[in-house]
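Since the structure comes first, as C-alpha cells, the remarks are kept for the end.
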Amino acid sequence: MISHLIYPLPEFLLYLAVALGLSTLFGAIYIQVTPHKEWTLIRQGNLAAAIAFSGSLLGFVLPLASVITNSTSILDFALWGLVALVIQILAFFVARTIIRDLPRQIEADNRAVAILVGAIFIAVGLLNSACMTW
C-alpha cells in the first residue's frame, strides 16, 4: 500500500519544481518590468508595493494551477505556464495604461491604487485560468 502512495511522488516533485521555478521566473521578470524598486519598497514597509506584487503573483499562480490540473505532460505544463507568465506580465502594462502614474502611486504607498491593481491582476489570472481548461 505504501509503494502505491509513493509511486507518483517523483512526478509530483517534478511538477512542483517546475511550478516553483516558473513562479520565481515570473517574480524576477515582474520586478524587472516595474519601474519602481519592488523589493526595496516592500522591505521599507510599503504596503502598496506588497499588495500589488502579491496580486500579480496570485494572478500568475491561478492559471499555473489550472495548467497543472489539465496538462498532459511536464512539457505541456511548462509551455502553458510560460503562456500564463506572458499574459500576466502584459496585465501589468495594461494596468499601467489604465493608471498612468501607477509606479508613482505605488512608491507613494497609495493602497487604494494597489488594491485596484492587485484585483486587476487576480481578475486577469482567473480569466487566464478559465481559458486554460480543455
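Working only within segment 50-97, note down all residues that are of a type in the set (S, T, N, Q) and over 15 Å from Gly27 (Cα atoms).
Answer for segment 50-97, where residues must be of a type in the set (S, T, N, Q) and over 15 Å from Gly27 (Cα atoms): Ser66, Thr69, Asn70, Ser71, Thr72, Ser73, Thr97.
Are there any pairs, at least 6 apart or on different chains, whose C-beta atoms fall under 9 Å, with the first in segment 19-32 and over 20 Å from Ser71 (Cα atoms) and the second polar (S, T, N, Q) and surrounded by 14 or more Cβ atoms within 10 Å (Cβ to Cβ), and if so, which?
Gly27/Ser56; Tyr30/Ser56; Tyr30/Gln88
If you take the residues of segment 53-107 that are closer than 13 Å to Gly118 by Cα and touching a His at 6+ places or on another chain (Cβ under 9 Å), which of them is surrounded by the fewest Cβ atoms within 10 Å (Cβ to Cβ)?
Top of the filtered list is Leu102.
Out of all the residues in segment 118-132, is one or more surrounded by fewer than 16 Cβ atoms within 10 Å (Cβ to Cβ), farther than 27 Å from Val18 by Cβ and not basic (Lys, Arg)?
yes
In this structure, does Ala49 turn out to be exposed (fewer than 14 other Cβ atoms within 10 Å of the Cβ) and farther than 30 Å from Glu11 by Cβ?
Spelling it out, it is not the case that Ala49 is exposed (fewer than 14 other Cβ atoms within 10 Å of the Cβ) and farther than 30 Å from Glu11 by Cβ.
Could you figure out which of (1) assigned to a helix (DSSP H, G or I); (2) of a type outside the set (S, T, N, Q); (3) over 19 Å from Thr133 (Cβ atoms) isn't true of His36?
Condition (1) is where His36 drops out.
For the structure I just gave you, tell me whether Leu82 is of a type in the set (A, V, I, L, M, F, W, C) and within 14 Å of Ala19 (Cβ to Cβ).
Answer is yes for this residue.
Take Ser54 and decide whether it is under 21 Å from Met132 (Cα atoms) and either among the polar types (S, T, N, Q) or touching a Lys or Arg at 6+ places or on another chain (Cβ under 9 Å) (or both).
So Ser54 does not fit the description; no.
FYI, it's all coordinate maths here, none of it is from the lab. Predicted, not measured: the structure shown is a model, and the values here were computed from it. Positions of Cβ are backbone-derived with ideal geometry, glycine not excepted, and every protein chain shown enters the neighbour counts.
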